[in-house]
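J.: To start, I am sharing the structure in question, which I have written as structure tokens.
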Amino acid sequence: EPEVTQTPSHQVTQMGQEVILRCVPISNHLYFYWYRQILGQKVEFLVSFYNNEISEKSEIFDDQFSVERPDGSNFTLKIRSTKLEDSAMYFCASSDGTERGQETQYFGPGTRLLVL
Amino acid sequence: AQKITQTQPGMFVQEKEAVTLDCTYDTSDPSYGLFWYKQPSSGEMIFLIYQGSYDQQNATEGRYSLNFQKARKSANLVISASQLGDSAMYFCAMSSRYSTLTFGKGTMLLVSP
């Protein structure tokens, strides 16, 4: 069964450093998403991406964040200058877009980011 | 703005018993989707079941069923015949017209032998 994959599974970085989290969405999916989950809290939406553009973003997704689809398979989230409060699990998700507003999003296993 | 409320921080159930996890929602959109995801201790988010706002019948997927009461704005998850492997965090979520998901705070389910 097709699945979303994410690398790395864990990332430890120093405050102020740049990190790139990578995702490979399900191959025939058209919509891609990033969510984050701070330890012990609920999952929060960051950004959605379609047709090489951001389609929606939350207040959390400020100028230090960026997303990119550098090739036909990868979808990346870059945090330019990490802060302690960026420590969280970051989930990538994808959907096929067949029924906007109601299609199922499939999540990757997540990248656990720790900023020291 | 959309909101999901899960009022049960934790639930205990014995193996082979049924359990209901509560979820209420609030939205002004006429069209929306309701989802349940399972998050085991390993951290991944596993899709369980989906209910569309216009669906007349409650969704079922194996041992999972969704008790959808639109007038009450509730979408409770029912797990029949609980198994030890069902022990996990369960999140209710709602999709907006742009398909971004809003999650509840989750319910931790513990299944005992």
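Here, each number is a calculation from the coordinates, and none is a lab measurement. It should be emphasised that the depicted structure is a prediction, and the values quoted were computed from it without experimental measurement. Don't worry about glycine lacking a Cβ; one is built from the backbone with ideal geometry, like all the others, and counts go over all protein chains shown.
J.: Classify segment B:49-105 from the C-alpha gyration tensor, please: rounded if a/c falls under 1.5, else prolate or oblate depending on whether a/b exceeds b/c.
T.: Values: a/c = 2.16, a/b = 1.38, b/c = 1.56.
It is oblate, given that a/c is not under 1.5 and a/b is not larger than b/c.
J.: With a/c under 1.5 counting as rounded, go ahead and sort the protein assembly as shown into rounded, prolate or oblate using the C-alpha gyration tensor (a ≥ b ≥ c being the square roots of the eigenvalues; past the cut-off, prolate if a/b is larger than b/c, else oblate). Each step should come with its number before you reach the end.
T.: Details: a/c = 1.87, a/b = 1.42, b/c = 1.32.
It is prolate, given that a/c is not under 1.5 and a/b is the larger ratio.
J.: Oh, and also: Taking the Cα centre of each part, how many Å lie between segment B:3-31 and segment B:50-113?
T.: 6
J.: Follow-up question, since we're still on this one. With +1 on each Lys and Arg Cβ and -1 on each Asp and Glu Cβ, how big is the dipole of the protein assembly as shown about its Cα centre, in debye rounded to the nearest 20? Let's see the in-between values first.
T.: Working: 19 positive and 25 negative charges, 78 e Å.
Here the size comes out at about 380 debye.
J.: Still on this structure, I have one more. Kindly provide the chymotrypsin sites (Phe, Trp or Tyr not before Pro) of segment B:1-81 that DSSP labels as loop, not H, G, I, E or B, and whose Cβ sees at most 11 other Cβ atoms within 10 Å. Don't skip to the answer; put the middle values down first.
T.: On the way: sites: B:PHE12, B:TYR25, B:TYR32, B:PHE35, B:TRP36, B:TYR37, B:PHE47, B:TYR50, B:TYR54, B:TYR64, B:PHE68; in loops: B:TYR32, B:TYR54.
When the chymotrypsin sites (Phe, Trp or Tyr not before Pro) of segment B:1-81 are filtered for loop state and at most 11 Cβ neighbours within 10 Å, B:TYR54 remain.
J.: So, one more: Can you tell me the dipole magnitude for chain A around its Cα centre, using point charges on the Cβ only (Lys, Arg +1; Asp, Glu -1), in Debye to the nearest 20? Could the numbers behind the result be given before it?
T.: Numbers: 10 positive and 16 negative charges, 68 e Å.
Value, rounded to 20: 320 debye.
J.: Averaged across B:27-40, how many Cβ atoms of other chains sit within 10 Å of each residue's Cβ atom?
T.: Numbers: counts 0, 0, 1, 0, 4, 2, 6, 1, 3, 0, 3, 0, 6, 0.
Across the residues of B:27-40, the mean count of other-chain Cβ atoms within 10 Å is 2.
J.: Under a Cβ-only charge scheme (Lys and Arg +1, Asp and Glu -1), can you give me the dipole magnitude of chain B about the Cα centre, in debye to the nearest 20?
T.: Details: 9 positive and 9 negative charges, 51 e Å.
My answer is approximately 240 debye.
J.: Expected output is a single nm value to one decimal: the length gained when fully extending between A:GLN41 and A:SER27, i.e. 0.36 nm times separation in residues minus the C-alpha distance. What is it? Don't jump to the answer; show the numbers that get you there.
T.: Numbers: separation 14, 0.36 × 14 = 5.04 nm, distance 3.01 nm.
So the extension gain works out to 2.0 nm.
J.: Just checking the output field for B:88-101: average partner chain Cβ neighbours within 10 Å of each residue's Cβ?
T.: 5
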